[in-house]
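The values are calculated or read from the model by the stated rules, or taken from the named source; none is laboratory data. Not measured: the values here are computed from a predicted model. Virtual Cβ from ideal backbone geometry, glycine too; neighbours counted across all protein chains shown. Please note that ligands, DNA and RNA were not included when accessible areas were found on the heavy atoms of the full protein model with its side chains. Shrake-Rupley method; radii C 1.70, N 1.55, O 1.52, S 1.80 Å.
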Amino acid sequence: MPAVTFRDETATGRPVAEFHLAGLPAAMTVRELIRLRVREEVARHNARPSGRFHGLVRPDDAETELNGYRLREPRRIDWERQAGIAERAFLANGFFVLAGDRQVEDLDEEVDLTADPDLVFVKLVPLAGG
């Protein structure tokens with residue numbers, strides 16, 4: 001059963017954060033991988049709720065900060081809602097995913113985790129002024 005590394009990088013390739021999950025099936029769709037990643041990061045947050053959330057997408061009523069989001073008050077987060085936000089962000093080019101050395105472009109595209117155990121998530125930041 002493969003172990004996968006989920007890594008966030010800047011657009012210039014600088015690593016920001018990463019975590020590993022073991023015991024995954026040999027292949028999963030991009031949608032399943034995004035949902036798995038979001039479920040894991042929300043579970044980590046909910047285990048010790050704080051006023052800061054480190055995750056792929058911004059929770060409701062949170063403000064963007066460097067490498068995370070500030071919540072108005074410490075609270076639990078709904079992972080399924082966050083997963084839906086993440087799927088929509090992927091479709092709207094809010095971030096892209098690299099599996100090995102290739103960009104995956106479709107939520108239903110299957111990733112062979114035995115060949116591509118490193119997944120890189122690159123958040124895209126809109127340019128100021130349009």
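A few remarks follow.
- Within segment 72-99, the residues that satisfy the criterion of being among the aliphatic types (A, V, I, L, M) and closer than 12 Å to L124 by Cα are A89, A92, V97.
- A single entry from F96, F121 fulfils the requirement of being in a strand (DSSP E or B), touching a Phe, Trp or Tyr at 6+ places or on another chain (Cβ under 9 Å) and in contact (Cβ under 8 Å) with a residue 60 or more places away in the chain: F121.
- Only residues that are open to solvent by less than 70 Å² (accessible area, probe 1.4 Å), touching a strand residue (DSSP E or B) at 6+ places or on another chain (Cβ under 8 Å) and not hydrophobic (A, V, I, L, M, F, W, C) were counted in segment 58-88, giving 4.
- Residue satisfying all of: in segment 89-104; modelled with pLDDT under 95 and more than 14 Å from the chain's Cα centre (by Cα); surrounded by the most Cβ atoms within 10 Å (Cβ to Cβ) among these: G100
- N46 passes every criterion in (1) in contact (Cβ under 8 Å) with a residue 24 or more places away in the chain; (2) open to solvent by 30 Å² or more (accessible area, probe 1.4 Å) apart from (2).
- Among the residues of this structure, P25 does not count as one that is open to solvent by 70 Å² or more (accessible area, probe 1.4 Å), in contact with a Pro (Cβ under 8 Å, 6 or more places away or on another chain) and farther than 19 Å from F121 by Cα.
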